[in-house]
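All remarks here apply to the structure that follows.
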Amino acid sequence: MILPEVRDPRLVTVRRGGLLTDTDHALLALWAAECAEHVLHLFEQQLPEDHRPRDAITATRSWAAGGVGMMQARSAGGHAMGAARELRGPARFAAYAAGQAACVGHVAEHDLGAAAYAIRAVQAAHPHDPRVRRAERDWQRAQVPGHLSALVVEDQARRDDICWSVFAD
């Protein structure tokens, strides 16, 4: 479970009584898509014919651009997570990252789900290298749009315990 019991109003859209603008919501979705795509090869190496995670990332970007509705993107996310269910290791986590990214349009806080699962994917791919977790986390942080960086880092610290402690130093 990557969603907190108490929601941060900065990550709830204005339409739902929060402070998150539509523009920043879309930027968080695009960031989540970047995180998921960064590890997608770990899924595609194992199941090159299964396009569900890639389709979810495409749907995320399309939602952010106004090309598809939230329900369509969220459905693609569910299909990506379905691709993960029978797997283990890096491929499983990479598919979950794509699925979480596609759900950001529904709930912005799924952005950290995409990031956390991507980190878990690289950890699983390199289990004997403790540096990969921090390297992936730092790469992800470098991709966050500048004005959202502090918000994402604060949210990572706030939810690190429910995201498998992948964001901590």
Exercise. Would you please give the FRET efficiency between residue 149 and residue 22, computed as 1/(1 + (r/R0)^6) with r the Cβ-Cβ distance and R0 = 25 Å, to the nearest 0.05?
Key: 0.85
Quiz item: Using the Karplus equation 6.51 cos²θ - 1.76 cosθ + 1.60 (θ = phi - 60°), what ³J(HN,Hα) coupling, rounded to whole Hz, does each residue of region 75-89 give in order, writing x for Gly and Pro?
Solution: 4, 4, x, x, 5, 5, 5, x, 5, 7, 4, 8, 9, 9, x
Quiz item: Roughly how many percent of the accessible protein surface of the chain is carbon and sulfur, given a 1.4 Å probe and a whole-percent answer?
Solution: 54
Exercise. Report, by chain and number, residues whose modeled amide H sits under 5 Å from the one on residue 20, excluding near sequence neighbours (fewer than 5 apart, same chain).
Key: 12, 13, 14
Exercise. Find, among the trypsin sites (Lys or Arg not before Pro) in region 67-118, those assigned to loop by DSSP (not H, G, I, E, B) with at most 10 other beta-carbon atoms within 10 angstrom.
Key: 85, 88
Exercise. Please report Rg over Rh for the chain, where both radii come from the alpha carbon positions and Rh follows the Kirkwood definition.
Key: 0.95
Self-check item: Accessible area per residue in Å² at 1.4 Å probe, computed on region 1-131
Solution: 47
Self-check item: Residue order for 25, 147, 110 - accessible surface, 1.4 angstrom probe, largest first
Solution: 147, 110, 25
Quiz prompt | Where GluC sites (Glu not before Pro) fall in DSSP loop in region 14-70, at most 16 other Cβ within 10 Å | solution = 49
Practice problem: Using per-residue counts of other Cβ atoms within 10 Å, averaged over each peptide, order 75-82, 126-133, 154-161 from highest down. | Solution: 75-82, 154-161, 126-133
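The values are calculated or read from the model by the stated rules, or taken from the named source; none is laboratory data. Treat the numbers as computed from the prediction; the structure is a model and nothing was measured. Backbone-built Cβ (ideal geometry, glycine too); neighbour counts: all protein chains shown. What goes into the accessible areas is simple: the full protein's heavy atoms, side chains included, and nothing from ligands, DNA or RNA. Shrake-Rupley method; radii C 1.70, N 1.55, O 1.52, S 1.80 Å.
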